[in-house]
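Please treat every number below as a calculation from the coordinates, not as lab data. Source: prediction; values computed, not measured. Heads up, the Cβs are rebuilt from the backbone with ideal geometry, glycines too, and the neighbour counts pull from every protein chain shown.
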Protein chains: 2
Amino acid sequence: MGTTGEGEGNRIEAVVKALDILEALWQAEGAGVTELTERTGLAKSTVHAHLTTLRSKGYVVQDGDEYRLSLRLLSFGEHVKHAEPLYAASDAPIADLSERVGERVFCSTHQNGLGTVINVSEGTRSFTSDIDVGTHTYLHSSAGGKAMLAHLPEERVDEIIDQWGLPAFTDETITDREVLFDELATIRDEGVTYNRGEYLPGISAIGAPILGNDGTVFGAVTVAGPHHRLENEWEEHDLRTQLLSTANTIEVNMMFS
Amino acid sequence: MGTTGEGEGNRIEAVVKALDILEALWQAEGAGVTELTERTGLAKSTVHAHLTTLRSKGYVVQDGDEYRLSLRLLSFGEHVKHAEPLYAASDAPIADLSERVGERVFCSTHQNGLGTVINVSEGTRSFTSDIDVGTHTYLHSSAGGKAMLAHLPEERVDEIIDQWGLPAFTDETITDREVLFDELATIRDEGVTYNRGEYLPGISAIGAPILGNDGTVFGAVTVAGPHHRLENEWEEHDLRTQLLSTANTIEVNMMFS
DNA sequence: TAAAACTGTTCCGCTCTGCTGAACGTCGTT
DNA sequence: AACGACGTTCAGCAGAGCGGAACAGTTTTA
């Protein structure tokens, strides 16, 4: 996932460097000073000074010659999760849906033009994947993401494309602006989106938006699974109706919070 | 909870300030520039510059005149949670225990001389409390914390007391070094710890350590609930045995990870 | 056994940058 | 219309962050 975001002129370099180090530490799942100098391109002494600072504030722990992210970050994560109304509102509904269909169901929202998974309910037959709570996704390449894009103002969609582009993950990924806008139009008619291997080969998904009274998008619900299995489900159990029902339940929950 | 940690001489001030702002933003659950200047004691323009930096890196979002922590922090939180072997190892066992006893069960670990709750399983009769995943606790005032202290080297316990002190939360909190060490000795005999309103009035808890083969402590399991209810449970269902069994299950799980 | 090649850590000086206080623009209120 | 609150911008000085090199360990190599 892209690291920068925007240019935005006057940033405090020291803070940017500290955050770069945290991100590198995250990717590396723990690393030594030298490894971090390679990953960040900073001087060894600079990395060291930052690590000392981060450790003294409790965000990093030192374990012999290895530095790792500390559990301090957990409280931030839990905080933002619970601060997001969708988290509580989606908890029961997605658990219910995943139990009925047996597949993985997740609820995501958008921020800064990217999607973030904020709640996951495993199905009994869930495949293993790298999608978990906290995962960031591009909006154009996921079912839930497209469902959200379809209900954002068109100029906002343009901004997002300008900022993040339309990178391809598989041969099926939509990379053309016009094609995307066409699909968004049909989504608004049908109420749900499909994703057929546009992000991961062989993995399909169905997504529905979660809307407020005034039409603003709060997020999306997505059911994901292996391509063939989902196609069957879709016929047998009328997945579309169940998904819309779940989304609607979440919408109602959102009104009382 | 204390914010600093240690003196540690040469810290990068800009980074310290950025983290202070993040922490203030966390406490305030979103705030404007002016509120943050009051909370942090920094100049308004300084706060603004930091917020711009944090926003450009995606850690903070701006919503009109209010800044909030972004969902970006969620990926960090989930990362450290899953990087901690205790998380996966405790998931099933504590769910099982909380189902049987009906009370809230949580699993915590220690880092930097503080406890952190890394997994919670709600019981059917759980009371509402501010203890949740990510919550930091002082080790001397919680059942699980004392269970962990009891199996740390004595000099390490001294260090921790020197660093964090023995602050009192209720009249029952242990504030005397000798008393604490006496209690730690009896804990090692009995295998479990009790907490009778030492952190929250009227709330009791029972904790057991999670130990490795070589005797090192990985963490602790704790059952918490209203005082009178827990006393009954304790008699009826022999909570101590069930708790030790759960702790042991987690210890076994830890060996295969 | 010695030395070479790694680590993480410290030191010091230069330059650049982060900090501040004040001024600006823009809302909502009185 | 004047006021007060907010977030934002500006400019200049002092201090602090940065990097290169030297230090102190530990493991690997000859």
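Laid out as a table, the results:
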quantity: Only Lys, Arg (+1) and Asp, Glu (-1) charged, at Cβ; region A:13-70 dipole about Cα centre in debye; calculated: 220 debye
quantity: Exam field: B:Ala88 pseudo-label spacings to other copies (7 Å along Cα-Cβ), nanometres; calculated: 3.2
quantity: 10 Å Cβ neighbours from other chains, averaged over peptide B:22-28; calculated: 2
quantity: Cβ charges +1 (Lys, Arg) and -1 (Asp, Glu), total dipole of region A:145-257, debye; calculated: 400 debye
quantity: Residue among B:Ser121, A:Asn195, A:Val179 farthest towards the positive dipole end of the protein assembly as shown, charges placed on Cβ; calculated: A:Val179
quantity: Amide H contacts under 5 Å for A:Leu211, placed H, 5+ residues apart; calculated: A:Phe218
quantity: Closest Cβ on chain B to the rotation axis that carries it onto A (distance rounded to whole Å); calculated: B:Gly77, 1
quantity: Backbone HN-Hα couplings from phi across region B:201-209 [Karplus 6.51/-1.76/1.60, Hz, Gly and Pro as x]; calculated: x, x, 9, 10, 7, 10, x, 9, x
quantity: Whichever lysines have a C-alpha closer than 26 Å to that of B:Lys146, once near sequence neighbours (fewer than 8 apart) are set aside; calculated: A:Lys57, B:Lys81
quantity: Region A:118-137-region A:33-106 distance, computed between alpha-carbon centres (Å); calculated: 16 Å
quantity: Residue-by-residue Karplus 3J(HN,Hα) for region B:54-62, coefficients 6.51, -1.76, 1.60, Hz, glycine and proline x; calculated: 5, 5, 5, 8, x, 9, 9, 10, 10
quantity: Copies compared at B:Glu183 - label distances in nm, ascending, label defined 7 Å from Cα in the Cβ direction; calculated: 5.9
quantity: Simple Cβ-charge dipole of the protein assembly as shown, Lys/Arg +1 and Asp/Glu -1, about Cα centre, in debye nearest 20; calculated: 660 debye
quantity: For A:Gly165, inter-copy label distances in nm, listed shortest first [label point 7 Å out on the Cα-Cβ vector]; calculated: 5.3
quantity: Estimated inter-spin distance, B:Ala43 and A:Ala43, nm [label 7 Å along Cα→Cβ]; calculated: 2.6 nm
quantity: Where labels lie 7 Å past Cα in the beta-carbon direction, separation of A:Arg100 and B:Ala168 in nm; calculated: 5.6 nm
quantity: Percent of Cα-Cα distances greater than 35 Å, calculated over the protein assembly as shown; calculated: 40 percent
quantity: B:Asp130 versus A:Phe127: modelled label distance in nm, points set 7 Å from Cα along the beta carbon direction; calculated: 4.5 nm
quantity: Signed unit charges on C-beta, dipole axis of region B:16-170, positive-most listed residue B:Ser70, B:Gly58, B:Thr40; calculated: B:Gly58
quantity: For B:108-114, mean number of other protein chain Cβ atoms within 10 Å; calculated: 3
quantity: Peptides B:74-85, A:59-70 ordered by average Cβ neighbours within 10 Å, highest first; calculated: B:74-85, A:59-70
